[in-house]
1. On the basis of being crowded, with 17+ Cβ neighbours inside 10 Å, within 14 Å of RNA strand B (Cβ to nearest atom) and in contact (Cβ under 8 Å) with a residue 12 or more places away in the chain, does residue A:215 make the cut?
2. Mind checking which residues of segment A:381-394 are outside any strand (DSSP E or B) and under 11 Å from residue A:336 (Cα atoms)?
3. Within segment A:29-45, is there a residue that is within 14 Å of RNA strand B (Cβ to nearest atom), on the phi < 0 side of the Ramachandran plot and loosely packed, with under 15 Cβ neighbours inside 10 Å?
4. Scan segment A:63-80 for residues that are part of a loop (DSSP other than H, G, I, E, B), more than 16 Å from RNA strand B (Cβ to nearest atom) and touching a residue at least 12 places away in the same chain (Cβ under 8 Å) and report the count.
5. Of the residues that sit in segment A:182-206 and are within 15 Å of RNA strand B (Cβ to nearest atom) and in contact (Cβ under 8 Å) with a residue 24 or more places away in the chain, which one is surrounded by the fewest Cβ atoms within 10 Å (Cβ to Cβ)?
6. Quick one: which helices (runs of 4 or more DSSP H) lie wholly within segment A:263-356 and hold at least 1 residues that are away from RNA strand B (no atom under 13 Å from the Cβ) and over 18 Å from the mean Cα position of the chain (by Cα)?
7. Give the residue that is nearest to residue A:171 (Cα to Cα), with candidates limited to residues of segment A:222-259 that are without any contact (Cβ under 8 Å) to a residue 24 or more places away in the chain and in a loop (DSSP other than H, G, I, E, B).
8. Could you tell me whether segment A:373-386 includes any residue that is within 6 Å of RNA strand B (Cβ to nearest atom), farther than 16 Å from residue A:331 by Cβ and surrounded by 13 or more Cβ atoms within 10 Å (Cβ to Cβ)?
RNA sequence: GUGGCUGUAGCUCAGUUGGUUAGAGUGUCAGAUUGUGGAUCUGAAUGUCGCGGGUUCAAAUCCCGUCAGCCACCCCA
């Protein structure tokens, strides 16, 4: 019987896995430099955490969750995003007693039951940060800077940062805007596509995301209400401060009044970083402020901001941008052995070299020298170490530099020192 | 969930209007005089032609279904 991957999942094979390590290490490094500590939360949680957190009517909750009943009949869901679980852990472990802001980062897989597509998997990895306990616009700016620093550190250029504020739920803020937007769009409803007509009632903000040309032309009319103009004084001041700080930091961003995000929990600042070379799924990184979520999930009222990068999409954009990754898979040395005595010696030598951190592969099988040299070449070994009868008699090994082809004899007792230097 | 394209050796693909033992390149393995790789040459192995059903004397080739991949919608990382 032959088995296949489950739809929408992917093996990360040698060659690729080194790139993943590189990305996760860079993320851990940058996040920790910004003061974040790693948190590992379970891959599954009770379903209600997500329905409450992300929003009952959101697409993720209504049709994209991997939900199942466990043996006791509890409804369990594979996490579709990282924030809800992190918030749950924050509340459950009383992390609010730590000095604020409490800064946490996570790296791990997320699961969404969607049709696979370019840049979209049912299991995908996210590397995100969450900062709890401060409503300061400086923190918003810092969080955005954290994201941009990571991307810069990785050599990503030409990515676009979009910024918006979607205000808060007080009546003179987002609800007032939604009403104004609805009124405006209703007056032009004959120009809207069918799905937008439905969205007009269900989720008017999302209409701004529509890709249909005729809809877009409506959004570009000068009279369309724009969220930033409808923010309440508090949210408006906050947004202005965020922008002021970003300018101070010389951050390259575009204010985009059409930017809205899929989760219900966002308030005030939202942002998104896209790569236009990725196809339809071009969002590489997304985040924002969510001041109501901690309370919604049963904690004390706690303001928070965060973002998350999609590992696969990040990797794809870096590759289309031509970024080179370090190749760590190639061994430093390949030990060629000729005969049983040589294998005994090679076992010992290999141990010494590995102890010194030298990446070593030795030939354990009795193959011809030619075959072994071919293997050394195929594995891209930097050096071949040849141990045969002649060498054993002399107490030496022949070291061949695979790139130049030059070789020299080195005493077996000196090998480790010799290779450590080169 | 909807739509379009695709599905032949590990990989990339040929396969003519349905017609004998399904091919190439690449990779793998082995060899080309005694202990040396990357070039060249020689040889070898590997396919339930995605799966199931149907039409036919005969199907990789036509039809239906199904699964999977890719891409797009929806939505998101």
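The values are calculated or read from the model by the stated rules, or taken from the named source; none is laboratory data. Keep in mind that this is a model prediction, so the values were computed, not measured. Ideal geometry is used to build each Cβ from the backbone, glycine not excepted, and the neighbour counts take in all protein chains shown.
1. Yes: the conditions hold for residue A:215.
2. The one that is outside any strand (DSSP E or B) and under 11 Å from residue A:336 (Cα atoms): A:388.
3. no
4. The total comes to 1.
5. Across segment A:182-206, the extreme among qualifying residues is A:202.
6. Ranges flagged: A:293-296, A:340-355.
7. A:222
8. no
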